[in-house]
1. Report yes if some residue within segment 142-151 is without any contact (Cβ under 8 Å) to a residue 60 or more places away in the chain and crowded, with 23+ Cβ neighbours inside 10 Å; otherwise report no.
2. For residues that are of a type in the set (Lys, Arg) and outside any helix (DSSP H, G or I), scanning just segment 327-365, find the one that is surrounded by the fewest Cβ atoms within 10 Å (Cβ to Cβ).
3. Have a look at Leu128, Leu204, Leu132, Leu189 and point out the one that is among the hydrophobic types (A, V, I, L, M, F, W, C) and surrounded by fewer than 24 Cβ atoms within 10 Å (Cβ to Cβ).
4. Consider only pairs whose beta carbons are under 6 Å apart and that are at least six residues apart or on different chains; among these, list those whose first residue lies in segment 52-77 and is over 15 Å from Ala270 (Cβ atoms) and whose second residue is part of a helix (DSSP H, G or I) and within 8 Å of the ligand (Cβ to nearest atom).
5. Out of the helices (runs of 4 or more DSSP H) lying entirely within segment 85-179, which hold 1 or more residues that are out of contact with any strand residue (DSSP E or B) (no Cβ under 9 Å at 6 or more places or on another chain) and more than 16 Å from the ligand (Cβ to nearest atom)?
6. If Gly211 meets every condition in (1) surrounded by 24 or more Cβ atoms within 10 Å (Cβ to Cβ); (2) within 11 Å of the ligand (Cβ to nearest atom) apart from one, which number is that one?
7. Tell me which of these Val69 doesn't satisfy, since it passes every other one: (1) under 19 Å from Thr198 (Cβ atoms); (2) within 12 Å of the ligand (Cβ to nearest atom); (3) β-branched (Val, Ile, Thr).
Amino acid sequence: MQEIVKFIQDLYPTKEFVALHEPVFLGNEKKYLNECIDSTFVSSVGKFVDRFEKEFAKYVGSKYAIATVNGTSALHISLLLANVLKDDEVITQPLTFIATCNAISYCGAKPIFVDVDRDTLGLSPSSLKDFLEKNCEVTKGKCINKTTNKVIKACVPMHTFGHPCKIDEIKQICDEWNIVLVEDSAESLGSFYKQKHTGTFGKLGAFSFNGNKIITSGGGGVIVTDDENLAKRAKHLTTTAKIPHPFEYIHDEIGYNYRMPNLNAALLVAQMEQLDRFLENKRELAKKYEQFFSSYDDIGFIKEPKNSSSNYWLNSIILKDLKQRDSFLQYTNKNAIMTRPIWKLMNKLEMFKNSQSTSLDNAIWLEERVVNIPSGVTL
Ligand SMILES: *Cc1c(COP(=O)(O)O)cnc(C)c1O
């Protein structure tokens, strides 16, 4: 264990305390922030928001991108646009950050938990297929859950720690069962599956720019889609559903104040300019970790899955069992190396403990063993 701490300290020689992930501002951040302040357009309209949306859509290869105030709101609006209503059901994975399930709940819908694959840490297409075949039928174009008699409207897989899940297989199953695919790509900017950017397989994809993500706007998010109509609806709903008018306040439905302030977009435009450099750096770091841990029989390093290129946002290792996991967490954190266990499974939280689920063997196995290790860009 001592060697591991030493190895990580040497990766970050200038840090007394090594964080899991820290933002890095090496480009035009201050310049654009100053421009933004000088323009006085620091709030809900401004050229940096427009510029960011254009550049982001181009980068991921989607037709439209709509900036939001955070990733959770991007997910919330995406689900609303997938027509997720009160008392509907949404399939997702139990191994995810709480935001995925919160967004489902904001729509008044209930999550159903389907197991993950061990190699991707993401929603398992075979588990999804199995669940649908055993429990559901398509009636009048709707996917009906025979256990609850409710409609399953959407499926939200998540690309865990930036590793793409088997999204093309998931998409095919969703199409067959008339379920709208919404990707939680909050962690996977810069990650591709079969050369196509994550978040662009589904009808809608949501990204986050929280402070711990690969690039940050302080707080922020974005919705991507190829559907012009949905893109317009996303903009409308995130901007209080106001009808454009020279002076009158007319709103045609209950909207949300979910727009990204121009100030945050200014920071984000500068961060986007450095994304390729960050990605390169993070892949190098992952390679170093992979090599280092290859000499440990009882520790596995999680590599990018087959057919994909991962952003390696957060590196993670698989310990032997819960006991080894806990001693690893204790030792590293005591020695100023920040490490964290993977999330507690969503179905174990008070709010979701009565949710329907498949057997969650893989999720439980991973929950007991996976630990994130420092992954910030090394300078
Ligand atoms: C970060 C994250 C989000 C969104 O988070 P915000 O803090 O609201 O930007 C959603 N889902 C996952 C899996 C995340 O990691």
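1. So the first thing to find is which residues in segment 142-151 are without any contact (Cβ under 8 Å) to a residue 60 or more places away in the chain, and the list is 142-144, 146, 149.
Of the ones still in play, those that are also crowded, with 23+ Cβ neighbours inside 10 Å are 143.
So far as segment 142-151 goes, yes, one or more of its residues are without any contact (Cβ under 8 Å) to a residue 60 or more places away in the chain and crowded, with 23+ Cβ neighbours inside 10 Å.
2. Residues of segment 327-365 that are of a type in the set (Lys, Arg), as a first pass: 334, 340, 344, 348, 353.
The next check asks that each one be outside any helix (DSSP H, G or I); those that pass are 340, 344, 353.
On the way: Arg340: 15, Lys344: 12, Lys353: 9.
Applying the filter and picking the extreme gives Lys353.
3. Working: Leu128 fails: surrounded by fewer than 24 Cβ atoms within 10 Å (Cβ to Cβ); Leu204 fails: surrounded by fewer than 24 Cβ atoms within 10 Å (Cβ to Cβ); Leu189 fails: surrounded by fewer than 24 Cβ atoms within 10 Å (Cβ to Cβ).
Step by step, each of Leu128, Leu204, Leu132, Leu189 is checked, and only Leu132 is among the hydrophobic types (A, V, I, L, M, F, W, C) and surrounded by fewer than 24 Cβ atoms within 10 Å (Cβ to Cβ).
4. Listed pairs, sorted by first residue: Thr68/Ala74; Thr72/Ala99; Thr72/Ala103; Leu75/Ala103; His76/Ala103.
5. Numbers: elements: 98-106, 125-135, 167-176.
It comes to 125-135, 167-176.
6. (1)
7. Condition not satisfied by Val69: (1).
Every residue, every condition in (1) in the same structural domain as Lys196 (by TED's automatic domain parsing); (2) surrounded by fewer than 20 Cβ atoms within 10 Å (Cβ to Cβ), yes or no:
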| position | (1), (2) |
| --- | --- |
| Val18 | no, no |
| Asp38 | yes, yes |
| Ser43 | yes, yes |
| Lys47 | yes, yes |
| Asp50 | yes, yes |
| Glu53 | yes, no |
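The values are calculated or read from the model by the stated rules, or taken from the named source; none is laboratory data. Note that the coordinates shown come from a computational prediction; the quantities given were computed from them, not determined experimentally. Reconstructed Cβ throughout: ideal geometry from the backbone, glycine too, with neighbour counts over all protein chains shown.
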